[in-house]
Structure formats: C-alpha cells, structure tokens
Amino acid sequence: MEFNAVAILILVALFALWKLDFIATLLNLKALSPDLPKEFTDVFDAERYAKSQAYTRESARFEIIHSIFSLTVLLVFWTLGGFGWLDGFSRGLVSGEIPAGLLFLGLLFIGHTLIHLPFSIYDTFVIEEKFGFNKTTPKTFVIDQIKGLVLAALLGLPLAAGILWIFGNVSNAWLWAWGFFVTFQLFLTWLAPTLILPLFNKFTPMADGPLRQAIEAMARKCGFPLGEISVMDGSKRSTKANAFFTGFGKNKKIALYDTLIEEQTQDELVAVLAHEIGHFKLKHIVQRLAVSILQAAVLVYLLGLVIGGGAFSRELFDAFGVEQISPHVGLVLFGILFAPASRLLGIAANAWSRKHEFEADAFAAKATGESESLVSALKKLSAKNLSNLTPHPFRVFLDHSHPPVLVRIHALRSLPFGT
C-alpha cells in the first residue's frame, strides 16, 4: 500500500466508525436498569428480566469482539497488499477482465464468509442456545450455508458480470449500470416470495378458522388486496417470533411465524397485521423503494468517478496497493471508501423508519378501534425475544429502525381514541 492522503483519510474514518459503535455499545450497557419498568410486570418476572439483561450484555460483548476482529482482518489484508495480490492472482488464473473480476469478487466473498463463519457458529450454537432461542440443528445450519453460497453465486455473479461489462464497454456507464441494478433488484423482490424464501423455510397456507377470517376481515376493512396467508416454520431455527408481508401489486401475501401464533391472541395478531398493512396503506414501502432507487443512482455515479481513471482513482488504488484500475477492484474499494457516508445515510434511514413505525402503530390502533391489543402484542414480543427495554438514546439514534417498545406504548396510549 502507499500511505497517501486517501489512505490516511480512510484509516481515520474506519477507526472513527469503530469508536462510534464502541461508545454506543458501552452507553447501551450502562443504560441497563436493574429495575423492571412497571409497564412490563405482566409479561416479565424478575428472572426473565435478568435473563434479558444478561442476553443484552453477552450479545454486546460478542459484537465488540467481532467488530475488533473484522477491523483487524481488513487492516492486515490491506497493509500486506492483499487487494493487489488477489487482483494479480485472479488475472493470472483466467483471461479477460470480466472473468478475472468475477473470480476476484468470488474469492473475496468466499474468504469473508469462511473467516466470519466461526462467529456465526458461536452466535447460533452458544449464545442463542444459552438463552433458549436456538432450534437450528448442525445439519440445518450446514445446509443453510450451502444454499446461501449457491444462491449468492446464481444471483450475485450475473449481477456483478452485468455491472462489470457495462463499466468496461458502455458510455455513460453509471446510468446504464443504475438501470440494470434497479431492474435486477425489483426482479429479486418479485422472485423472493415464490422461489427464494421457500428454499429456507416451509410456508403452509393458514387453515380456515376464526384467525384467518379475522385477518381477512381486517384486510377488507383496510382495502388491502390480500392474496395469501401463510404460516412459516420459524421454530425450525429459533423460538423468536415475527410476521411480514411480501408481494407486488394486488397480490399481497402475509407470512406469520408459527412461534408468533403460539404466543399471541387473535386480537393481538390482527393488531400486528394491521400495523403491517399500515406500512402499505401509508405508502411507506413505496417511499422507501423510491429512496433506495435514487440512492442507488448516486452510489453508481460515484462509483463511476472512483474507477474513472483520474487522479483520485490513481491515488485510491495506490492506497490499497493495486496497480491496475478496474471496475471489480473499484467496487470493493468504493465500499470501504464510502463507509462513513453509508453510516450517515443509515442513521437518517433509521430515523425515517422510526417515524414510519409510529405512523403504522397509529394506523393499526385506528383500524382496530383500540390500542391495547397492539400494546399487549408488543409487550409479549419483547418478553419472548428478551428485548432490551431500556436502550440508550445514542444506540437508538445510530442503529434502531424501530423506536424502543416503551416509547411506542406511550405513543399508542396518547392517541385520541379508545383504549
């Protein structure tokens, strides 16, 4: 590597980002209160509350160790000239810019996956197991890893090949690359519910009965075009609970974890789903998609500048010890270079998401005519998932896409209609 101004700037930014997260984690641990908030006395006892705090502490320690390891691996690989060596190795094995680029990106992805695999194993089979969440068997874990790698190859390689070809052969490449990326992204969003998600979980149509009828009635009341209601075998991997919507246009699909159905009453489940419907009816999904498309345009345009061959491109590639300027190496270096700006964008996106959560909560309370069902559902989910009930505001500011549960409950109870 060449220790130039760009290298110094990136190093300072990487350490600053790590320090920011480290401070947020310490503040979050300090904010843990031994006193259970009164609001949760009906779903937490002293033992479960102590367990939730222990889970927060252990997860935080694990995250700190993992982040130190990740930063250290990056710095060692960088300072030893790993990026330049891997680029030369790839070019020596295959001929042509695109094959060499795909090999470079593929080897980097596989290396990253293998290096971080022990942390994934520890998180799943030690931490999650210790706190009663893990239901993943070693066989399921291995199969999931293999499926993930195959899926990454089947989807990631064509996407990367298209981007690399465009930047190597087309004028106004950033504009065409943006269009290609957005089209690919929309295609995956359409494909996920029918082909990708079923590779990892089993989706069973919900049997006819009071719950299904109540969900369908709520969808009709809200003018929500519901096409399918499924139960997902979330208990195959974890005891944690969730629900989500998928689908485009007039064919929306609801998927509920079997663990969620086991714990929640019918009114609570309907309230949770009314919240999700609120995101659609309030155009949150469309808004986020539009912003992501615009953000992609900016990122691809900046990527074009990074690999354009100018003075800055040369200085950036020299900083990482890479002799030949190329789109495939540029993709990786741009990701590292853009990390601070990406963090700032993430903070803004999380603040926007928290606003949307308040709005969807209000929509659900209005649709159901009361707020206590959603309040009860949120409290039960917090207890089941051993959530941190007292996160530090700085941690929330940096990383939380959802407001703290207690804040959401207070907001729900302040609404101007019945409880």
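May I ask you to list the residues in region 126-164 that are within 21 Å of T113 (Cα to Cα) and assigned to a loop (DSSP other than H, G, I, E, B)? The answer is T136, T137. Among the residues of region 281-307, those identified as among the small types (G, A, S) and either touching a Lys or Arg at 6+ places or on another chain (Cβ under 6 Å) or surrounded by 15 or more Cβ atoms within 10 Å (Cβ to Cβ) (or both) are A296, A297, G304.
Here are some conditions: (1) surrounded by 15 or more Cβ atoms within 10 Å (Cβ to Cβ); (2) touching a residue at least 40 places away in the same chain (Cβ under 8 Å). P37 meets all but one. Which one does it not meet? Among (1) surrounded by 15 or more Cβ atoms within 10 Å (Cβ to Cβ); (2) touching a residue at least 40 places away in the same chain (Cβ under 8 Å), P37 violates only (1). Give the residues of region 191-201 that are polar (S, T, N, Q) and free of Cβ contacts under 8 Å to residues at least 12 places away in the same chain, sorted by residue number. Passing the criteria: only T194. Residues that are crowded, with 20+ Cβ neighbours inside 10 Å, part of a helix (DSSP H, G or I) and touching a residue at least 24 places away in the same chain (Cβ under 8 Å) within region 308-321 comprise L316, A319, listed in sequence order. Listed residues G92, G96; which is on the phi > 0 side of the Ramachandran plot, free of Cβ contacts under 8 Å to residues at least 12 places away in the same chain and out of contact with any Cys (no Cβ under 6 Å at 6 or more places or on another chain)? Testing whether each residue is on the phi > 0 side of the Ramachandran plot, free of Cβ contacts under 8 Å to residues at least 12 places away in the same chain and out of contact with any Cys (no Cβ under 6 Å at 6 or more places or on another chain) leaves just G96. Checking the stated criteria, Q324 turns out not to satisfy the condition of being touching a residue at least 12 places away in the same chain (Cβ under 8 Å), in a helix (DSSP H, G or I) and among the polar types (S, T, N, Q). The set of residues from region 16-33 being over 22 Å from L381 (Cβ atoms) and in contact (Cβ under 8 Å) with a residue 12 or more places away in the chain comprises A16, L17, W18, L20, D21, F22, I23, A24, T25, L27, L29, K30. Within region 132-190, being polar (S, T, N, Q) and without any contact (Cβ under 8 Å) to a residue 40 or more places away in the chain holds for T137, Q145, N169, S171, N172, T183. Search region 82-133 for residues being among the β-branched types (V, I, T) and over 15 Å from G330 (Cα atoms), and hand back the single one that is farthest from the chain's Cα centre (by Cα). The residue in question is V94.
Those helices (runs of 4 or more DSSP H) of region 43-122 in which at least 3 residues are aliphatic (A, V, I, L, M) and crowded, with 17+ Cβ neighbours inside 10 Å, considering only elements entirely within it, cover 97-122. Filtering region 176-208 to residues that are touching a helix residue (DSSP H, G or I) at 6+ places or on another chain (Cβ under 8 Å), farther than 17 Å from L159 by Cβ and not aromatic (F, W, Y) leaves L199, N201, K202, M206.
Residues of region 166-178 that are of a type outside the set (A, V, I, L, M) and surrounded by 14 or more Cβ atoms within 10 Å (Cβ to Cβ): F167, G168, W174, W176, W178.
Computed from the coordinates by the stated procedures, all read-outs in this text should not be read as laboratory data. All of these numbers come straight from a predicted model, not from anything done at the bench. Backbone-built Cβ (ideal geometry, glycine too); neighbour counts: all protein chains shown.
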